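Step one of this worksheet: look at the structure below.
Just so it is clear, none of the values below were taken in a lab; they were calculated from the coordinates. Everything numeric in this text was worked out from a predicted model, so none of it was measured. Ideal geometry is used to build each Cβ from the backbone, glycine not excepted, and the neighbour counts take in all protein chains shown.
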Amino acid sequence: MNNKLITIPEAAAMFNLSEYEIRNGIRNGKYPAIKVGTKRGKYLILPESMDARLKELAEANLVPASEISSLERQKLSALPFRKKHPVLPGLTTGLRKIS
C-alpha cells in the first residue's frame, strides 16, 4: 500500500466493511481518519493505519483454544443454527393476484 488517502466508500470496498460501519467507527474513535473541511467535510483514511487497526482488533478478539473450558465448548456446539424455512407449494407470500 502507498501513502494515498482514501475515502470511506473506497475503504469499505478495500476492507470489505460497510460504509455505515466505517463512519460509526470513525465517530466512536474505533478507526483512524482525518477530517477534511468544515462541519460537513469528509473523512479520509490512510489504508496502512486502517489495516493495522483492523488487525489489532482481530487479535484482541481471539481466544486461545486452551482457555476455552469443556463446558464452554459444549455450549458453543449446542448453539442452534439458523435454518431457512422451506416455502411450501401453493402458499402465497402475501401478494395478491390482480385479475
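Quick notes on this structure:
- For the pair Ala13 and Lys30, label points projected 7 Å from Cα toward Cβ lie 2.3 nm apart.
- Computed across the range 8-63, the Kirkwood radius stands at 11.8 Å (inverse of mean 1/r, all Cα pairs).
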